[in-house]
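Written out below as structure tokens is the structure these notes cover.
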Amino acid sequence: MSTTFTLDTATSRANPTPAPLRRLTVPAIQQRKADGKTAEPLVMLTAYTARQAQLLDPHCDMLLVGDSLGQVIYGLPSTVPVSLEMMCAHGAAVVRGSYHSVVIVDMPFGSYEASPQQAFESAARILKETGCAAVKLEGGEAMAETIAFLTQRGIPVCAHVGLTPQAVNTLGGYGARGRSDAEAAKILSDGKAVTEAGAFAVVVEGVIEPIAIALTEALAIPTIGIGASAQCDGQVLVAEDMLGMFERVPRFVKRYADMAGLISETAAAYAAEVRARSFPGTEQTYQPKK
């Protein structure tokens, strides 16, 4: 059921938002698929800053602090160079700026693949330094042992199968997955493996629609599609892509606004007034008291 919340500036733990505004929980997200399919799709967007979180939070069930911040915020060529320090800093900002959504923080490349013990140390640090509710990691069957290790120790995990951007060097690009019988079978087995390992949800990225639908029907946990199918149990997009901050976006992105154009026009108007010495005007300057 959708709920409209009034945005309140008191969003920190030191100055909490008053009842009845309560943050959703991981079990509540998982429970949405208790009857085999979510009655209303789950809404997830990425967020990287406190202010962005404040604006997106009332409309979302989950906010993902994605390692996509490497490209979106830092201008990196891929998500591979993103560090644990980056994820912790931005994750903490998003938690401070939100009060309703479940905040999930991506585990960056190199912070969890070596062993379940390494993954636990990294995930524990993320939860301690950010206050988030869960972490997300990429991989299916290969990460099942790690997911089980984390969930058994109190760390909720959102899995990620299909196109896994951290493995772009192995995959050879960002093309859609599941076109061959072998790829389709692997995606289905990956989804089942992470479910059995204890993941509470799974992001399904860049997967052809029939396989995304089959996976959604086969799993007992919510599937969150991105470049998959509207029949997934929820959807996620990079907020900046959805807002039109970039001219080039993946095929599966719908640009709901042209924020890049608006920012450019606004900056141009400001520059023109500065050069014409019409800004600042009387309303923006301090004058001697009479």
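Residues that are surrounded by 18 or more Cβ atoms within 10 Å (Cβ to Cβ), farther than 30 Å from Gly154 by Cα and of a type in the set (Gly, Ala, Ser): does the stretch 261-273 have at least one?
No, the conditions are met nowhere in the stretch 261-273.
Please go through the stretch 38-65 and pick out each residue that is more than 14 Å from Gln235 (Cα to Cα) and not aliphatic (A, V, I, L, M).
Those that are more than 14 Å from Gln235 (Cα to Cα) and not aliphatic (A, V, I, L, M): Tyr48, Thr49, Arg51, Gln52, Gln54, Asp57, Pro58.
Name the single residue, out of those in the stretch 177-200 being of a type in the set (Lys, Arg) and assigned to a helix (DSSP H, G or I), that is farthest from Pro27 (Cα to Cα).
Only one residue fits best here, namely Lys186.
Condition first: out of contact with any Ser or Thr (no Cβ under 6 Å at 6 or more places or on another chain), part of a loop (DSSP other than H, G, I, E, B), of a type in the set (Phe, Trp, Tyr) and touching a residue at least 40 places away in the same chain (Cβ under 8 Å). Can you find one or more residues in the stretch 255-262 that meet it?
Looking for residues that are out of contact with any Ser or Thr (no Cβ under 6 Å at 6 or more places or on another chain), part of a loop (DSSP other than H, G, I, E, B), of a type in the set (Phe, Trp, Tyr) and touching a residue at least 40 places away in the same chain (Cβ under 8 Å), one finds none in the stretch 255-262, hence no.
State all residues of the stretch 96-115 that are within 22 Å of Leu56 (Cα to Cα) and either out of contact with any Cys (no Cβ under 6 Å at 6 or more places or on another chain) or of a type in the set (S, T, N, Q) (or both); if no residue qualifies, say none.
Once the filter is applied, which keeps residues that are within 22 Å of Leu56 (Cα to Cα) and either out of contact with any Cys (no Cβ under 6 Å at 6 or more places or on another chain) or of a type in the set (S, T, N, Q) (or both), the stretch 96-115 yields Arg96, Gly97, Ser98, Tyr99, His100, Ser101, Val102, Asp106, Met107.
Tally time: how many residues in the stretch 72-99 are farther than 19 Å from Ser111 by Cβ and of a type in the set (Ser, Thr, Tyr)?
2
From the list Ala39, Ala19, Ala14, Ala34, which one is within 19 Å of Cys132 (Cβ to Cβ), over 17 Å from the mean Cα position of the chain (by Cα), hydrophobic (A, V, I, L, M, F, W, C) and modelled with pLDDT under 95?
Values: Ala39 fails: within 19 Å of Cys132 (Cβ to Cβ); Ala19 fails: within 19 Å of Cys132 (Cβ to Cβ); Ala34 fails: within 19 Å of Cys132 (Cβ to Cβ).
Ala14 is the lone residue from the list that is within 19 Å of Cys132 (Cβ to Cβ), over 17 Å from the mean Cα position of the chain (by Cα), hydrophobic (A, V, I, L, M, F, W, C) and modelled with pLDDT under 95.
The values are calculated or read from the model by the stated rules, or taken from the named source; none is laboratory data. Not measured: the values here are computed from a predicted model. Note that we place each Cβ from the backbone using ideal geometry, even for glycine, and neighbour counts take in every protein chain shown.
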